[in-house]
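The values are calculated or read from the model by the stated rules, or taken from the named source; none is laboratory data. These figures come from a predicted structure and were not determined experimentally. Because the Cβ atoms are built from the backbone with ideal geometry, glycine has one as well, and the counts that use them run over all protein chains shown. Only protein heavy atoms, including side chains, enter the accessible area calculation; ligands, DNA and RNA are left aside. Shrake-Rupley method; radii C 1.70, N 1.55, O 1.52, S 1.80 Å.
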Amino acid sequence: MMIWADKAKQFLGAICSKDITIMEGLFADDIKFCSWGCNVQGKDAALKVNRDHIKLVKETKIKIHNTAYKDKYICIECNLSHSYKFNIVDAFDTANVKLANSTISISLVYIIEFNDVGKIKSIKSYKLK
């Protein structure tokens with residue numbers, strides 16, 4: 001549904017604005033979060049992962065290229081750019097250290113599933129080559 005696509009985009013906007021409160025309102029209590037190199041279950045764990053990630057990032061920009069949806073699933077293809085505060089290991093390439101103040105840019109697909117009441121049930125991200 002289109003309303004779910006809007007909510008998925010709200011989540012991506014919350015990443016850019018570093019707004020945990022928005023994420024908290026969007027996440028289901030039993031959310032499964034598989035992104036940022038993490039795989040956690042439950043709202044508290046998903047919020048902690050995002051809170052921890054936000055502490056490392058100076059700035060995030062997301063440019064959406066394509067959006068598709070079917071049933072309760074939204075697929076968003078985007079380009080994500082991060083500028084980090086500290087040296088950090090790339091979650092998608094653990095042999096690669098990103099230097100502080102450098103910017104990384106990656107192409108991703110987010111697959112976001114919603115439950116029956118419109119809360120995000122799962123988030124998975126995949127790096128595109």
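Of A46, A68, which residue is of a type in the set (A, V, I, L, M) and exposed (fewer than 14 other Cβ atoms within 10 Å of the Cβ)? Step by step, each of A46, A68 is checked, and only A68 is of a type in the set (A, V, I, L, M) and exposed (fewer than 14 other Cβ atoms within 10 Å of the Cβ).
Looking at I15, is it open to solvent by less than 30 Å² (accessible area, probe 1.4 Å), assigned to a helix (DSSP H, G or I) and within 19 Å of I76 (Cβ to Cβ)?
Yes, satisfied.
One residue is enough: does segment 106-123 have a residue meeting the conditions open to solvent by 80 Å² or more (accessible area, probe 1.4 Å), modelled with pLDDT of 95 or more and closer than 22 Å to I3 by Cβ? Looking through segment 106-123, at least one residue is open to solvent by 80 Å² or more (accessible area, probe 1.4 Å), modelled with pLDDT of 95 or more and closer than 22 Å to I3 by Cβ.
For segment 19-37, the count of residues that are in a strand (DSSP E or B), basic (K, R) and in contact (Cβ under 8 Å) with a residue 24 or more places away in the chain is at least one.
The set of residues from segment 10-49 being closer than 10 Å to I123 by Cβ and polar (S, T, N, Q) comprises just one member, S35.
A quick yes/no check of all residues on (1) open to solvent by less than 70 Å² (accessible area, probe 1.4 Å); (2) of a type in the set (S, T, N, Q); (3) touching a Lys or Arg at 6+ places or on another chain (Cβ under 9 Å):
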{"position": "W4", "(1), (2), (3)": "yes, no, yes"}
{"position": "A28", "(1), (2), (3)": "yes, no, yes"}
{"position": "Q41", "(1), (2), (3)": "no, yes, yes"}
{"position": "K58", "(1), (2), (3)": "no, no, yes"}
{"position": "K63", "(1), (2), (3)": "no, no, no"}
{"position": "Y73", "(1), (2), (3)": "no, no, no"}
{"position": "N79", "(1), (2), (3)": "yes, yes, yes"}
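Close Cβ contacts (under 6 Å, 6 or more residues apart or on different chains) running from residues in segment 108-125 that are within 18 Å of K61 (Cα to Cα) to residues that are small (G, A, S) comprise L108/S125; Y110/S125; S125/S35. Close Cβ contacts (under 7 Å, 6 or more residues apart or on different chains) running from residues in segment 44-68 that are outside any helix (DSSP H, G or I) to residues that are among the acidic types (D, E) comprise H65/E77; N66/E77. For segment 86-93, state whether one or more residues are open to solvent by 90 Å² or more (accessible area, probe 1.4 Å), farther than 20 Å from D6 by Cα, at pLDDT below 95 and aromatic (F, W, Y). Yes, there is a match, as at least one residue in segment 86-93 is open to solvent by 90 Å² or more (accessible area, probe 1.4 Å), farther than 20 Å from D6 by Cα, at pLDDT below 95 and aromatic (F, W, Y).
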